[in-house]
1. Within region 465-473, does at least one residue satisfy the condition of being closer than 20 Å to VAL519 by Cβ, in contact (Cβ under 8 Å) with a residue 24 or more places away in the chain and part of a helix (DSSP H, G or I)?
2. Output the qualifying pairs, or none if there are none: Cβ atoms under 6 angstrom, residues six or more apart or on different chains, first residue in region 298-309 and in contact (Cβ under 8 Å) with a residue 40 or more places away in the chain, second residue of a type in the set (D, E, K, R).
3. Any residue in region 84-97 that is over 23 Å from the mean Cα position of the chain (by Cα) and at pLDDT 85 or above?
4. Would you point out which residue out of ALA451, ALA446 is farther than 30 Å from THR131 by Cα, crowded, with 21+ Cβ neighbours inside 10 Å, over 26 Å from the mean Cα position of the chain (by Cα) and not assigned by TED's automatic domain parsing to the domain that holds GLY342?
5. Does VAL256 count as under 16 Å from LEU79 (Cα atoms), part of a helix (DSSP H, G or I) and in contact (Cβ under 8 Å) with a residue 40 or more places away in the chain?
6. When you go through ALA237, ALA228, ALA222 one by one, which is the residue that is assigned to a helix (DSSP H, G or I), over 30 Å from VAL338 (Cα atoms) and out of contact with any helix residue (DSSP H, G or I) (no Cβ under 9 Å at 6 or more places or on another chain)?
7. Suppose the filter is under 24 Å from THR14 (Cβ atoms), surrounded by 15 or more Cβ atoms within 10 Å (Cβ to Cβ), in contact (Cβ under 8 Å) with a residue 40 or more places away in the chain and out of contact with any Pro (no Cβ under 9 Å at 6 or more places or on another chain); does ALA287 pass it?
8. I'm trying to understand the selection: among the residues of region 49-65, which are more than 13 Å from ILE11 (Cα to Cα) and not in a loop (DSSP other than H, G, I, E, B)?
Amino acid sequence: MEIPFHITLLIIFTVASGIASQVVAAYLKVPAIVLLLLFGILVGKDGLGLIHPHLLGSGLEVIVSLFVALILFEGGLNLELRELGRVSGSIRNLVTIGTLITLIGGGMAAHWLGEFPWPIAFLYASLVVVTGPTVVGPLLKQVPVDRQVATLLEGEGVLIDPIGAILAVLVLNIVLNKGTAPIELFRDLVVRLGMGTIIGAAGGWLLGLSLKIAKFLSEELANLVVLAALWGMFGLAEVVRSESGLMATVVAGIVVGAAEIPELRLIRRFKGQLTMLGVSVLFILLAADLSLASVVALGWGSIFTVLSLMFLVRPLNILICTWNSQLNWRQKMFVSWVAPRGIVSASVSSLFAILLTQNGINGGDSIKALVFLTIMMTVFSQGLTARFVAQFLGITSNAATGAVIVGSNPLSRLIGKIFKDRGESMVLIDTDEESCKQAEKEGLQAYKSSALDTNVLEEAGLESVGTFLAMTNNGEVNLVLAQRAAEEFKPPRVLAIYPKSPQQNNQNNQNNQNNKDKVQQAFTTELNLKSWNQYLDDKEVKLGETVLKELGFEFQKTHLKGLIQSGELIPLLIERQGNLQVLPANEIWQPGDQIIYLLYDPKPKLLKRLSGSQQTALTIERHPAVEEVPIPNVVLETNSDKITAN
C-alpha cells in the first residue's frame, strides 16, 4: 500500500519545524518549548497551513503515546536516587497532596471564573495537575539552578505525569458514567498504578540484567534493545490494564538507571537525543492542531482561571507540600513559579475532546482550548522569565559556594584556608593519613578516603558546593576524578590539574572527549604542582591580591600573564561580583576582578643556612615587580609556619 505523499510531507515539515525551533532556541538561549509552540501554531491550520495533524487519523494517538512513553522512561532513567532522597518527602507530598490541591483549586477556578459546569471544570483540573519532564527538563537545561531545586522539579515532573494521566481518565469516567461509585474509582486508580509499577519494576530489572550479561552487544545495538524493551513494557502494561503503561515506563527507567549497567552514560545520551526529537515532533503536531478561534472564544474568565492556577493554587500547593522541608523561601518561591504544562496535558485533552463529542457531551473543544491556553501562558511566562527569577532569588547553580578539593598538599591546604577564612565550606579528600592529619591540624575538614567513592563525595557535600577541584600529584588521575564528579554530581565548576591537551595524548579516550567542556584546567596550563608545594614548604612564596583596574587594565594583565608564563607566579582564585572561585586557566579576565596569586620569591642560600631549623614567621611584603598590587590582610599556615599578608 502506497503512503499518500501529503502524509510524507506532513512528517517532513513536522520534523523540520521541530529541529528548526531547537536550533533557533539554542541560538537565542531561550527554552525550546517556547519556540516549539510558536512554530507549531505558525505552521498549523491557523497559520501557514503546512501541517494538518488530523490527516494522521488514529496514527497521531499512536505517535503521541509512544513518544510520551519514551520521554517518561528517559526522565526516570536520569533521576538520581541519591539526590531524590534528599527531597523525597516533598516529592511524595507533591504527587499526592499536591495533586489533590491542584485538582480542587483548579476545578473551583474553572467553575467560578471560567463558568464551566462542575464536571467539566474538574475534568480540566485533572488535565493540568501534571507539569511533565517534556517542559521542565529542557527548561532546567537552559536555566541552571541548584541541584536541590532541580531534583525536586525533575522528580515531580517525571512521577506526576503517569499519576495525572490516570487521574484524568478516572475523572473522565465519572463524567461519562455518572453512577460510578467513588470507592470503585479509587480502586481502579490503585490497580492501574500497581500494575504499571509491577510490570515496570520486573521489566526494568530483566532489562538491566540482560545488558549486564550480554556483553557481545555493541553500543548501537544495546541502545536499540533498550528502546524496543521500553516500548514492549509500555504495550504489555496497556494490554493488561489500560492507562498503566506510563507508570510502567517511569518505574522501568528508574530501575534501569539504578542497575549500574556498563556504559549507562551512552544509553542516557541516546535516549536524550530521541527525547529531544520526540518533544520537537509532539509539540509541533499538537500546537498545529490548535484552533486559535476556540482559544479566543473562551473570554477573560478563562485567562483569570489560568492566572489563579499560577498565582494562587501553585504557591499554596508548594507551601503545604514543602512545609517541613529544608528548602529556603527563595527555593520555594522559584518552585512555586515554575510549573509549565506540557505534552501529557495537551495529548490527553485532545483525546478527551474527541471522546466527549462522540458521547454527545458539550465542552470537549472548550476543555482542549483551555488546556492549551494554560500551556501557552505557563510556558511563555515561566519559560522566558525563569532565568531572571532564578538570578533574582540567587538560586542559580553558579551562585553556589564552597569547595571539595581532592589532594591534601601544601597548595590545596592554602586554598582551603582562603575559602574557610571567607566563611565558605571546605573539605579535603586524600588517601594519605598523614596529609589528612596535617589538614586537620590547620583547622580544615579532611576525609581519608578515595574520591572515587561516591558515598564519600556525598558525605563531603559535593551536591551543594560550587566547586570541585582535583589536585593530586597525578594529573591523569585528577582528570578522571573530575570527569566522574562532573557526571555524577554536576557541580557548577569542575576543575583539575592535568597534563596539557589531554585529548591529544589519548585520542581514543571517548570519556575525555565527552567531558572536555565539563572539566576546566585549574590555575595555569604550565603548573608544576610538585615544585610549588616545595616552594611552600621552603617558605619561598608570597601571597598577594591585585584588583584589575579599568585604567591600565591591559598593561596590568600583560604584566601578570608574563609572570605566569615565566613560572614566577600562579593565579589561584578570582573574586568577581563578590563570588570567590578557583581560577580556570582559560578564564578571561575583566576590569574589577580581584586575583589572588602566589608569587615565587626564593631566599638567598646564605640566609637559608643562617636561619637553620628555626621556625620563623614569613611575612609577605609587596614585591617590587608588583608594587602596585595591594596585599590582603590574610593569615595562613603551611605546616607549622605562618604565612601572613599585611
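The values are calculated or read from the model by the stated rules, or taken from the named source; none is laboratory data. Please read these numbers as outputs of a predicted model, since none were measured by experiment. With ideal geometry, Cβ positions are generated from the backbone for all residues, glycine too; neighbour counts draw on all protein chains shown.
1. Keep residues of region 465-473 that are closer than 20 Å to VAL519 by Cβ, which gives 465-473.
From what is left, the residues that are in contact (Cβ under 8 Å) with a residue 24 or more places away in the chain are 465-473.
Those still in the list that are part of a helix (DSSP H, G or I) too: none.
Within region 465-473, none of the residues are closer than 20 Å to VAL519 by Cβ, in contact (Cβ under 8 Å) with a residue 24 or more places away in the chain and part of a helix (DSSP H, G or I).
2. From residues that are in contact (Cβ under 8 Å) with a residue 40 or more places away in the chain, the pairs are GLY301/GLU115.
3. Step one: filter region 84-97 for residues over 23 Å from the mean Cα position of the chain (by Cα), giving 96-97.
Remaining after also requiring at pLDDT 85 or above: 96-97.
For region 84-97, residues over 23 Å from the mean Cα position of the chain (by Cα) and at pLDDT 85 or above: present.
4. Values: ALA451 fails: over 26 Å from the mean Cα position of the chain (by Cα).
Of the residues listed, the single one that is farther than 30 Å from THR131 by Cα, crowded, with 21+ Cβ neighbours inside 10 Å, over 26 Å from the mean Cα position of the chain (by Cα) and not assigned by TED's automatic domain parsing to the domain that holds GLY342 is ALA446.
5. On the way: under 16 Å from LEU79 (Cα atoms): yes; part of a helix (DSSP H, G or I): yes; in contact (Cβ under 8 Å) with a residue 40 or more places away in the chain: yes.
Yes.
6. Details: ALA237 fails: out of contact with any helix residue (DSSP H, G or I) (no Cβ under 9 Å at 6 or more places or on another chain); ALA222 fails: out of contact with any helix residue (DSSP H, G or I) (no Cβ under 9 Å at 6 or more places or on another chain).
Exactly one residue qualifies, and that residue is ALA228.
7. Values: under 24 Å from THR14 (Cβ atoms): yes; surrounded by 15 or more Cβ atoms within 10 Å (Cβ to Cβ): yes; in contact (Cβ under 8 Å) with a residue 40 or more places away in the chain: yes; out of contact with any Pro (no Cβ under 9 Å at 6 or more places or on another chain): yes.
Against the criterion (under 24 Å from THR14 (Cβ atoms), surrounded by 15 or more Cβ atoms within 10 Å (Cβ to Cβ), in contact (Cβ under 8 Å) with a residue 40 or more places away in the chain and out of contact with any Pro (no Cβ under 9 Å at 6 or more places or on another chain)), ALA287 qualifies.
8. The first filter runs over region 49-65 and keeps only residues more than 13 Å from ILE11 (Cα to Cα), leaving 49, 57-58, 61-62, 64-65.
The answer is GLU61, VAL62, VAL64, SER65.
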